[in-house]
1. Past 32 Å, Cα to Cα, is the threshold; run 145/316; 361/605; 252/618; 252/361; 145/207; 376/433 against it and keep the listed order.
2. Just to compare against my own numbers: the Cα pair-distance distribution for the stretch 408-495, 5 Å bins, whole % per bin, please.
3. Can you list residues whose amide H is under 5 Å from residue 245's amide H, if they're 5+ apart or on another chain and H is modeled 1.01 Å from N?
4. Amide H of residue 564: which non-local residues (sequence gap of 5 or more, or other chain) have their own amide H closer than 5 Å, using H built in the peptide plane?
5. Net charge within 11 Å of residue 260 by Cβ-Cβ distance, Lys/Arg positive one each and Asp/Glu negative one each, not counting residue 260 itself?
6. Give the residue list of chymotrypsin sites (Phe, Trp or Tyr not before Pro) in the stretch 554-651 that are DSSP loop and have at most 10 other beta-carbon atoms within 10 angstrom.
7. Using only alpha carbons, build the gyration tensor for the stretch 449-580 and give me the equivalent ellipsoid semi-axes, biggest first, whole Å.
8. Using the Karplus curve 6.51 cos²θ - 1.76 cosθ + 1.60 with θ = phi - 60°, what ³J(HN,Hα) values do you get for each residue of the stretch 589-595, in whole Hz, with x for Gly and Pro?
Amino acid sequence: MSDEGRGWRSLFRKRTKDPVVSKDPLDTMDELEGLLDELVASTHIEKEKNIDERAGSDRYPEAGFQDTANNKDLPVKKKTLTAHPLPLEEVIIENASPHTPSASPEQRAPEKIEETAIKTNEKKRKFLDLFSIRHSEHEEYSPEKHGPLVDLSYKPSPGIEEVELYPVQPPYAYIRILYDIVSHEYTYQVIEPILTEGEEDFYNEIKSRLFETLDISTRGLSRSETRDILRQACRGIIADYEIRLDPAEEEKILYRMDREFLGDALIDPVMHDPFIEDISCDGLMTPIFVYHTRYESMKTTLTYKDSTELDSFVTKLAQRAGKYISIAEPILDATMSDGSRIQMTLGTEVTAHGSTFTIRKFREEPITPTDLIEWKTFSSLSIAFLWLAVESGKSCLFAGGTASGKTTSLNAISLFMPPLAKIITLEDTRELKLPHPNWIPSITRDSFDTGGRGEIDLYELLRAALRQRPEYLLVGEVRGREALTLFQAMSTGHITYSTVHADSVASVVHRLENPPMNVPRNMLSALNLVSVQVQARVGGQRIRRNKQIIEVLDIDPRTNELITNEVFRWKPSSDEITYLGKSFILEDIMEERGWNDERMQEELKRRQEVLEWMRVRKIRHYRDVSAILMDYFRNPEDVIRRVRRDLYEQL
């Protein structure tokens with residue numbers, strides 16, 4: 001093949017990025033080589049003749065070539081230059097030969113010229129098709145057509161049983177619960193697509209190329225739009241390498257990219273599991289632990305083995321939360337983008353085993369009163385009692401230990417607030433979520449520097465909130481000087497709700513009266529209710545229950561002790577919440593609304609029926625529950641008529 005032909009081939013290789021389909025590359029290049037040779041031969045026929053003619057033309061004056069060795073002029077024939085018989089694009093290369101020049105057009109018959117033109121166009125199209133970039137149609141992965149990405153088969157091990165297998169992100173991630181008969185422990189096994197050694201190398205190469213070339217701002221883009229951009233960039237890199245991957249192989253690599261760039265890397269499948277409440281990483285070479293709603297605390301098959309990878313992930317979590325963590329400040333509390341709370345440490349400065357993090361997952365759909373009744377955390381009568389109390393403007397504190405359900409109950413009870421009431425929530429980390437339109441969620445802010453400049457704590461937020469004339473104030477948790485301001489707001493007529501770490505009314509009073517809260521005892525009488533939450537174990541299963549609902553009536557002037565009345569009490573032996581028969585708050589509501597005992601009992605019964613109807617009909621979403629509660633607030637007769645018709649027809 002001539003040098004000129006090789007130059008075209010090299011140009012073809014440079015400019016063609018997409019793989020040529022439906023032809024073997026070697027056959028294509030051989031055909032191209034033959035066509036180029038024929039083109040060169042046909043466009044340079046009678047080469048010696050044309051050179052002689054150029055020597056005698058106006059462009060090339062009469063002159064001979066010089067023999068540099070003998071210093072003599074060489075003789076040159078002088079001939080007249082003639083034009084090429086056909087333009088280049090009409091050259092017939094089918095019968096061309098380096099030694100047999102084509103006939104001139106004048107010597108061809110008209111029929112021959114027409115036939116030649118048709119053949120020329122067909123040949124030209126065939127030739128140009130070789131240089132056109134051919135895009136192969138991309139085939140999307142389909143589990144039905146290309147098979148599963150993961151192997152869900154289980155080979156039993158001695159002493160290990162498979163308890164449950166369920167998807168969390170099909171067809172990519174699945175969870176298998178294993179039980180050890182000897183140790184009586186559960187194991188949380190994460191099942192994901194496994195890359196081969198070659199696929200792992202190719203994945204790392206694509207990842208490094210993305211870091212070098214991808215420069216796109218995701219601000220204003222949805223998760224699906226960002227995912228499409230990432231996948232398109234990955235497919236472009238795969239096309240550049242001209243590596244043929246079947247749809248299943250490509251999908252495994254793209255899933256890993258989604259998990260690393262947009263998800264939560266190693267723990268991404270766990271974050272998609274709706275049954276997981278807490279995720280705890282205790283450091284390097286230690287299994288990650290989770291708290292499962294069915295099987296409680298158990299270890300997983302996930303472990304961080306590289307300190308660089310763990311430190312990088314902790315740093316990324318902080319950046320996504322809009323915070324900063326470093327060796328100088330290695331401890332951080334933050335809120336993730338989905339609302340989950342996270343506490344993390346960096347390096348070995350304060351934790352010996354390396355970086356750690358603990359994530360308390362946030363439910364996208366808040367808990368509703370229907371859920372609390374279904375789980376037996378409250379009884380339907382106690383929820384109906386709180387419904388009346390909230391609607392009538394009675395303040396309440398939810399007390400309990402860690403993970404006893406204080407904030408969950410507070411969020412659920414807040415659905416009973418009037419639909420158009422002005423509500424302000426104050427929190428360190430966003431947990432409360434309300435459907436009310438006139439709601440202002442406020443959160444604290446850390447300082448900009450070590451000197452504390454720019455810090456806004458709950459005390460400052462509460463002071464600002466009181467100037468906005470709220471009807472209901474919700475404080476995530478009181479633990480400092482904001483408690484005094486909260487009780488001052490109660491004393492001036494504001495309806496307030498909050499949580500506090502305590503396990504009884506006596507411990508609530510003790511915490512409030514002492515530093516750093518320092519609330520005077522005479523201000524505690526502004527509080528109406530205390531709901532004590534507890535996390536207990538019944539029948540070997542961990543549960544959350546409302547231990548007591550207690551009314552705060554007044555302060556005894558002689559002993560300076562609080563006068564209280566217990567309205568509801570949980571009995572662990574029977575796992576029932578019973579009404580103790582006397583409520584001063586209900587008497588206050590009867591007096592305010594002009595009701596008698598029969599009217600109050602009827603109202604409590606009607607609200608119980610609405611709550612039970614939602615439980616039976618499985619109305620659990622907080623917006624659906626809120627819509628029914630708002631309808632009852634506006635048109636109670638219509639709602640109770642519909643509820644009784646549906647409820648008693650089913651019974």
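1. On the way: 145/316 37 Å; 361/605 36 Å; 252/618 38 Å; 252/361 27 Å; 145/207 28 Å; 376/433 22 Å.
Among 145/316; 361/605; 252/618; 252/361; 145/207; 376/433, the Cα-Cα distance tops 32 Å for 145/316; 361/605; 252/618.
2. Going from the shortest bin to the longest, the percentages are 3, 13, 25, 24, 20, 9, 4, 2, 0.
3. Result for residue 245 returns nothing.
4. Those lying under 5 Å, H to H, from residue 564 are 553.
5. On the way: positive: 207, 256, 259, 316; negative: 258, 264, 268, 309.
Here the count lands on 0.
6. Working: sites: 568, 570, 579, 584, 595, 613, 622, 632, 633, 648; in loops: 595.
Listed in order of number, the matching sites amount to none.
7. Working: eigenvalues 177, 80, 40 Å².
Semi-axes, largest first: 30, 20, 14 Å.
8. With coefficients 6.51, -1.76 and 1.60, one gets 5, 4, 5, 5, 9, x, 9 Hz.
The values are calculated or read from the model by the stated rules, or taken from the named source; none is laboratory data. Small disclaimer: the values here were computed from a predicted structure and weren't measured. Here Cβ is always computed from backbone atoms with ideal geometry, including for glycine, and neighbour counts include all displayed protein chains. Heads up: the accessible areas ignore ligands, DNA and RNA and are worked out on the full protein's heavy atoms, side chains in. Shrake-Rupley method; radii C 1.70, N 1.55, O 1.52, S 1.80 Å.
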